[in-house]
Every structure is written in structure tokens, then in C-alpha cells.
Amino acid sequence: MGPLQLALEIVTNLLTCWIPLEGDHPMEYTDSIKKAKQHPLQQTLEGLQFGLGMVHMLQTLCQFDEYYHQQPPPPQIYDNSDDKENPICTDVQEAIGKTCACLSNCLLSGILGGNDHVDTAEDRMVKTWQILMQCLVQKLATMTTTTAATGTSSSVVTDGLTSCMVVLLQKQRQGSSPSKAFIRKNDVQVVSQLLLTTSATSNKDTTPRMGIETQRNAVCILSMIVLSGVDGVGKDDDYDMESLVRTLTHTFVNVLLSLSSSSSSSSSAMMSSIPVGTEILNAFMDWYGQDDFYPHVFDEWNVLQAIQQYLAKLQPRQEHLQSVIGPEDEEILYNAQRFVEYKQEQQQFAK
């Protein structure tokens, strides 16, 4: 796996050079993509359908990972008798993580490949999403089995898969005609499961423990699914929009309240989970910052009170907070306070 991982790292770094800067004007963004596509190496990668190759390699590696979890190796394969982790699985999972990083950069730099005479770029995006979702469902089942057998589970695969999903949804929303619906009700349920299965409640609990990155990605994915529906993306979907918003709002409020109710003895755990909390705050602001966005759901699930309770829990830790969070999370927390003030003014005006 060593040479494969090295090759993936090299290509991932090369692709980084062709990713347009986040702050680019739409015209500059388009120019960056056009210039990148004129580069001989990128044209070669496109001709090789490199992006789609990454998708299929990822699918194969995930199948390989599942197989080795179902077929435990002989005892002598372990370097340390106290370590129940299968070194082959560890290598495969690391390769999956690097493949996901490479695929994300393929998506960001516009290299997915394919034949436009056979299928459209949108069709290839749909196929990529479906494969990522299949891999995620497969990994969740494997993680449950692994947790039951060893009491531990690795989230490196779910981190990588969900990161790719975030990038794919971002690209879909940036598309000129992102009209095809490829997110189904079951997909929402699977991603929600990532957010809900956060920790084991007992020694016999077989619930997979997801990493913070996976949980944050899950919130981001669910938020963008809602925003895509609001933007009119995916009119052929099989879920009711208001029902989806109500369910996800309830889920996010419960997670936020659980983070707020952490005891002082688990303050370190709360600090480490801030990326999940801030992503939920960001989702609520994106949704309910629009005054006509299901205001009755906002009131029904006491979203404002949940946000206030979470911010109040963080208040005594302000000094420590600044040393552990990044500028993006810091900005979200600041905006959340302004959001609370705005909603409070609205409520007073309504009276």
C-alpha cells in the first residue's frame, strides 16, 4: 500500500494547484478553471478519466476493507498481542483516506472525467454520490461489527467519505443547472445516523463512535440538502421539504442541547466537540436567517432557546476558547450571538 499512498499524495498535491481560490469572483473562478483545463497534465488526467478512476478505486478499497473485517487474520499477523487492530485494515483505511482527499481535489479542480457523448457531468456527479453513499452504508455496518468485537472503531474512512460528500454537494450547488435530484430519503437517514451515533453508553454498546470530523461533515451535508431544496434543486426528490426541515431541526436541537448539558468534568470533551456545535449554529443561521423559512418550525422546537443555552455554556470558557478554535468557528459564534439578538428583537416587535 506504501507506493499507492505515496502516488495519491503526489497527485493530490498537484491538483491543489488547480483549485480556484475561495474568494475568487465568479468570473475569475471560471477563468481559473479554463486555464487549468488548458494545462497538458490536466488534459492527460481528463483523458484518462482520472476522477472516475478515483471513485472506482475508492469503491474497491472499501470492499477490501469490509472483506478483511469479516475475515479476521491469523493471530500471528498482529505485531502486538494487546493490539486488536488488523494492520492490513489499517493500511487499507489509510489508503481510503488518501483516495478521498485526492477525489475531493479532483472535484474541486473540475477533473472528474468521462465522455460527454455518453453521459453528462451531472450524471457523473450522481454516480459519484451513489458510490460514496454505498461505501458509507457498507462502512457503518462494518464499524458496528468491529465495535462489537473489539470495543473500538476507526473513523478515518467515514471522515474521508463525508468530506467528499461535502465537496460534491458544494459543487452541485455551484453548477449552472443543478436540477437533478440524487439525494433520497434513505440518504438523509444514513447521514443523520452519523450524527446521532456519537458515543458508547456502556461496555456492551456496539454503537460506532464517530469522529468529530465525521459529525461536522454530517451536519454540513444535511444543511446543504435542505438549502438545495430551498433553492429549488431536486424537484423530483422523494421527501417532503417541511417534514425534512422539522426532522433535522429536531435532531440538531437535541445534539446542541446534549452538548450544552455536558458536566464540568467533561469540559474537555465539550471543547473538542465545538466544531459540531458551530456547524449546527451555522446551519440554523443559514436556514432561519430567512424570515419566511418555516418560522413555525423554529418556534415549535425552541431553536432560539437551544442556541442561547449552548452559547451560555461556552461563555465561562471564553479565554480558553480563543486558544482552541479557529477563525471560522470564532466568526460563527460571533454571528450566532448577533442572530440571537436579531430574533429577540423580532419577537419583541411581534408582541
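Any residue that is assigned to a helix (DSSP H, G or I), at pLDDT 85 or above, under 22 Å from residue 125 (Cα atoms) and among the polar types (S, T, N, Q) - is there at least one of those in the stretch 31-48? Taking every residue of the stretch 31-48 in turn, none turns out to be assigned to a helix (DSSP H, G or I), at pLDDT 85 or above, under 22 Å from residue 125 (Cα atoms) and among the polar types (S, T, N, Q).
Considering only residues in the stretch 325-351 that are exposed (fewer than 13 other Cβ atoms within 10 Å of the Cβ) and either of a type in the set (Lys, Arg) or touching a Lys or Arg at 6+ places or on another chain (Cβ under 9 Å) (or both), the one that is farthest from residue 285 (Cα to Cα) turns out to be 351. The residues listed here are 158, 144, 197; of these, the one that is modelled with pLDDT of 55 or more, open to solvent by 30 Å² or more (accessible area, probe 1.4 Å) and touching a Pro at 6+ places or on another chain (Cβ under 9 Å) is 144.
Residues of the stretch 305-324 that are of a type outside the set (A, V, I, L, M, F, W, C) and surrounded by fewer than 11 Cβ atoms within 10 Å (Cβ to Cβ): 315, 318, 319, 322, 323. Within this structure, residue 28 fails the test of being at pLDDT below 65, within 21 Å of the chain's Cα centre (by Cα) and of a type in the set (D, E, K, R).
Taking the conditions (1) among the small types (Gly, Ala, Ser); (2) modelled with pLDDT under 90; (3) touching a Phe, Trp or Tyr at 6+ places or on another chain (Cβ under 9 Å) in turn, residue 202 satisfies each one other than (3). Return yes when residue 53 is out of contact with any helix residue (DSSP H, G or I) (no Cβ under 8 Å at 6 or more places or on another chain) and modelled with pLDDT under 85 and no when it is not. No, not satisfied. Candidates 306, 283: the one that is touching a residue at least 60 places away in the same chain (Cβ under 8 Å) and either of a type outside the set (S, T, N, Q) or not in a helix (DSSP H, G or I) (or both) is 283.
The values are calculated or read from the model by the stated rules, or taken from the named source; none is laboratory data. Keep in mind that this is a model prediction, so the values were computed, not measured. Note that each Cβ is placed from the backbone with ideal geometry, even for glycine, and that neighbours are counted across all protein chains shown. Heavy atoms of the whole protein, side chains included, go into the accessibility calculation; ligands, DNA and RNA do not. Shrake-Rupley method; radii C 1.70, N 1.55, O 1.52, S 1.80 Å.
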